[in-house]
Amino acid sequence: MIIGVDSEPSASTTRSSLRLHRESDLERLVSIYSRPDVARFLLEEPWTLESGAAHLQRRLARTGLDGPSGSLALAVEREGTLIGAVSVWRTEQEPRTVEVGWTLDPAHGGNGYATEAVAAVLDLAFERHDAHRAVAQMDARNEASARLASRLGMRREAHFRSDFWSKGEWTDTVVFAVLASERTPS
Ligand SMILES: CC(C)(COP(=O)(O)OP(=O)(O)OC[C@H]1O[C@@H](n2cnc3c(N)ncnc32)[C@H](O)[C@@H]1OP(=O)(O)O)[C@@H](O)C(=O)NCCC(=O)NCCS
């Protein structure tokens with residue numbers, strides 16, 4: 001379900017809510033993104049308090065797909081606790097193609113919270129921001145993420161061999177995508 005998009009970008013699922021990031025999210029975000037198991041397949045190294053502060057500043061500026069940043073970074077909250085984050089941004093090659101990224105605190109994993117949160121963000125992009133296509137890219141070894149994309153009805157469209165240098169090694173990238181015309185709103 002999407003609520004309050006025009007004023008304060010936010011959304012909700014039946015079990016959690018999504019809102020813009022706040023300065024006060026730093027400690028929780030660092031506690032999640034500093035974990036090696038969380039950072040393993042992300043582009044960045046595990047966060048420290050210092051690097052996390054810089055990441056958070058960038059997220060604080062990502063307040064809307066139709067704003068100057070062309071991107072929206074949302075915190076996923078459940079019962080008042082930040083449990084994850086979902087971002088969506090317009091791609092450089094085609095603004096009506098959006099890319100989406102996600103992370104969930106492993107302590108809350110295995111319950112479908114990330115799937116629900118990303119579904120709400122896709123609804124937002126397709127229904128309120130005229131997105132035509134949504135893509136997600138991930139390390140080919142990131143099976144949990146691939147399962148999440150599949151659960152959302154995203155199609156595995158590409159597998160690039162050894163195309164990205166990540167954390168000291170060449171890695172494969174897989175690309176998932178779904179079109180607005182293919183998706184049933186959650
Ligand atoms: C990718 C990531 C978000 C997936 O987390 P997750 O807990 O598997 O995702 P969800 O919260 O959607 O939970 C789905 C799991 O819960 C299960 N589940 C239980 N109840 C469920 C429900 N009501 N609805 C949906 N799934 C449910 C699903 O079967 C699924 O398990 P499975 O994949 O073993 O089959 C998480 O591994 C992560 O944050 N990784 C680190 C960061 C990262 O790599 N991000 C992606 C970069 S591309």
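Among the residues of segment 83-132, those identified as open to solvent by 60 Å² or more (accessible area, probe 1.4 Å) and of a type outside the set (S, T, N, Q) are W89, E92, E94, P95, R96, A107, G110, E127, R128, D130, H132.
The one condition from (1) open to solvent by 30 Å² or more (accessible area, probe 1.4 Å); (2) within 16 Å of the ligand (Cβ to nearest atom); (3) in contact with a helix residue (DSSP H, G or I) (Cβ under 8 Å, 6 or more places away or on another chain) that L74 does not meet is (1).
If the requirement is being outside any strand (DSSP E or B), among the acidic types (D, E), within 12 Å of the ligand (Cβ to nearest atom) and on the phi < 0 side of the Ramachandran plot, which of these qualifies: E44, E27?
Numbers: E27 fails: within 12 Å of the ligand (Cβ to nearest atom).
Exactly one of E44, E27 is outside any strand (DSSP E or B), among the acidic types (D, E), within 12 Å of the ligand (Cβ to nearest atom) and on the phi < 0 side of the Ramachandran plot, namely E44.
Restricting attention to segment 50-90, which residues are of a type in the set (G, A, S) and in a strand (DSSP E or B)? Steps first, please.
Kept after step one, since they are of a type in the set (G, A, S), are these residues of segment 50-90: 51-54, 61, 64, 67, 69-71, 73, 75, 80, 84-85, 87.
Listed by number, the residues that qualify are G64, S71, A73, A75, G84, A85, S87.
In a residue-by-residue description of segment 107-117, the property of being more than 6 Å from the ligand (Cβ to nearest atom), touching a helix residue (DSSP H, G or I) at 6+ places or on another chain (Cβ under 7 Å) and touching a residue at least 40 places away in the same chain (Cβ under 8 Å) applies to no position. For segment 53-67, the set of residues classified as within 16 Å of the ligand (Cβ to nearest atom), within 15 Å of L82 (Cα to Cα) and either surrounded by fewer than 12 Cβ atoms within 10 Å (Cβ to Cβ) or of a type outside the set (K, R) (or both) is empty.
The values are calculated or read from the model by the stated rules, or taken from the named source; none is laboratory data. Everything numeric here is computed off the predicted structure, so don't read it as measured data. Please note: Cβ atoms are built from the backbone with ideal geometry, for glycine as well, and neighbour counts cover all protein chains shown. Heavy atoms of the whole protein, side chains included, go into the accessibility calculation; ligands, DNA and RNA do not. Shrake-Rupley method; radii C 1.70, N 1.55, O 1.52, S 1.80 Å.
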